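Novice: Would you mind keeping the following structure in view while I ask a few things?
Nothing in this text is a laboratory measurement; each read-out follows from the coordinates by a stated rule. Keep in mind it's a predicted model, so treat the numbers as computed, not measured. Note that we place each Cβ from the backbone using ideal geometry, even for glycine, and neighbour counts take in every protein chain shown.
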Amino acid sequence: MRVRGSRVGIIGGSVAGCATAIALERLGCDVQVFERSSGVLRDRGSGIAIPLALRDELIDSGYLPADYAHCLATLRWWILLWRSLRTRLADAPYHDGVTLHGFSQDADGVTAVFDDGSSQRFDLLVGADGYRSMIRQQVIPHTRPQYAGYILWRGNYPESRLWHRAAIQRGTEAGAWHYICLDGGHGIVYMIPNFDDRADPGHRRVNWGIYAPQPPGLDFSEPTSIPPGEVRRELYTHLDRLLTSAFPPDYEAVIRESPLEEVSIQPIYDDLVDSYVHGRVMLIGDAGTVTRPHTGSGATKALQDALCLARLGQEHDEWPGLLAAYDAERTAAGVSLVQLGRRLGRDLVEHTPKWGTMTADDFDAWTKRTLSGERLYLYGNAAAPDR
């Protein structure tokens, strides 16, 4: 079966789905994208970090416009990514508010059935439906994301709301993001573009997260999250106590600008898969391996998956050869990232060092030991913890 002219359905229209659609359109495929959410996916790509080399490749390849909104932090870019990718899909049918009900495949293709009763036939079906992927669950029923045992408190808000600006001002002047070292976790604070693409000081958004043990009484064994507006006040008291007892006052003030109704809880999961390709079904992004957020590689991995697909499509005219090469390359990359995420989770949350006693040399040795010789852009130009 030839790649050019084939009909491809992509389930999931976030970062992974949009990037894959661009790659496949350029290979001459007839692409249809289906996204269950309706309207603008504002949280898709918000606060995502990608390495500069990947950013430049995406611009040079036309996946992102040269003038898309960004915030620069030292040598790291924090990007509002989904809208930039979505604008590159002007010619591809993008169906939002459409939910996949199920699918079946045979030797000639895949039939996808949607909740409205309609069905479509494809030569290839791409699962880009995230870490709770329905497609992965059907093709690999024995696997599911495994709960790591800790959570990420999250929030973001317009910079114009911020009264206590000292910490943010220091970061802006230094071109740095903020990393707050805790016993049994850590906090992060950084700036991202606003919804109107403004990225100049005073008009950005403040984005924060805190990795910490889960409050008692919660069960996150099944993949889930608690979105803004659904965090109960008794749960919020755990965050309140953590801010009071463990955070410097200037960072506590920054995080407290997020009211209860804007705070969310993201349980941390990861998952390994032994293959990204199953017959005429292909996985991409978090629908394949699921990495912990410490690696900063969720969107990066999805974008690299799409770029890999595009590159291999220049080398293979037929789907069997392309899919076999994609499977070998990206499955191995996913395994490596999951293993790295587990080491980072161990050393950044589960068994944190005595931050206050670390010298610069200690910190450098700890970083190298945690990375185990691997390079990761998020931990490249790091300074030893301030006391």
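Novice: At a Förster radius of 35 Å, what calculated FRET efficiency corresponds to the Cβ-Cβ distance of PHE195 and VAL335, to the nearest 0.05?
Specialist: On the way: r = 36 Å, r/R0 = 1.03.
Rounded to the nearest 0.05, the efficiency is 0.45.
Novice: So for the stretch 108-248, what are the equivalent ellipsoid semi-axes in whole Å, largest first, each being the square root of 5 times an eigenvalue of the Cα gyration tensor?
Specialist: 37, 23, 14
Novice: In whole Å, largest first, what are the principal axis extents of the Cα atoms in the stretch 163-320?
Specialist: Sorted from largest, the Cα extents of the stretch 163-320 read 59, 42, 28 Å.
Novice: Another one. Report the antiparallel proportion of the DSSP beta bridges in the chain as a percent, rounded to a multiple of 5.
Specialist: Taking every DSSP beta bridge with both residues in the chain, the antiparallel ones total about 75 percent.
Novice: Between ARG346 and ALA328, what is the spin-label point distance in nm, taking each point 7 Å from the Cα along the Cα→C-beta axis?
Specialist: Distance between label points: 3.0 nm.
Novice: Here is a further query. Can you tell me the FRET efficiency between ARG311 and ARG7 if r is taken as the Cβ-Cβ distance and R0 is 22 Å, rounded to the nearest 0.05?
Specialist: That gives a FRET efficiency of 0.50.
Novice: Two-decimal Rg/Rh of the stretch 312-364 from alpha-carbon positions, Kirkwood Rh?
Specialist: In the stretch 312-364, Rg relative to Rh is 1.36.
Novice: Report the gain in length on full extension from ILE59 to GLN146: 0.36 nm times residue separation, minus Cα-Cα distance, nm rounded to one decimal. Present the calculation step by step, with values, prior to reporting the outcome.
Specialist: Values: separation 87, 0.36 × 87 = 31.32 nm, distance 3.47 nm.
Here the answer is 27.8 nm.
Novice: Any idea what the relative contact order of the chain is, in percent, if you count C-alpha pairs under 8 Å spaced at least 6 apart? Please list the in-between numbers first.
Specialist: Values: 722 pairs, mean separation 76.3, N = 387.
It rounds to 20 percent for the chain.
Novice: Quick one: if the Förster radius is 25 Å, what FRET efficiency do ASP30 and ALA66 give, using the C-beta to C-beta distance and rounding to 0.05?
Specialist: On the way: r = 29 Å, r/R0 = 1.14.
For ASP30 and ALA66, the calculated efficiency is 0.30.
Novice: In cubic angstrom, how much convex hull volume per residue do the alpha carbon atoms of the stretch 109-174 span?
Specialist: It is 232 Å³ per residue.
Novice: Relative to the compact globular guide of 2.2 N^0.38 Å, what is the alpha carbon radius of gyration of the stretch 217-309, as a ratio?
Specialist: My calculation over the Cα atoms of the stretch 217-309 gives 1.45.
Novice: Roughly how many nanometres apart are two label points built 7 Å out from the Cα toward the Cβ at LEU272 and ASP364?
Specialist: Here the answer is 3.3 nm between the modelled labels.
Novice: Choose one of MET191, GLY13, GLY356: the residue whose Cα lies farthest towards the positive end of the charge dipole of the chain (beta-carbon charges +1 Lys, Arg; -1 Asp, Glu; about the Cα centre).
Specialist: GLY356
Novice: Shifting gears a bit: Could you work out the local net charge near ALA325, counting Lys and Arg as +1, Asp and Glu as -1, over the other residues with Cβ closer than 10 Å to its Cβ?
Specialist: Counting the neighbours of ALA325, the net charge comes to -1.
Novice: Any idea what the dipole of the chain comes to, in debye rounded to 20, about its Cα centre with Lys/Arg Cβ at +1 and Asp/Glu Cβ at -1?
Specialist: The dipole magnitude comes to about 460 debye.
Novice: Under a no-solvent Debye model with one identical scatterer per Cα of the chain, what's log10 I(q)/I(0) at q = 0.09, 0.12, 0.13 Å⁻¹?
Specialist: So the normalised log intensities work out to -0.54, -0.96, -1.12.
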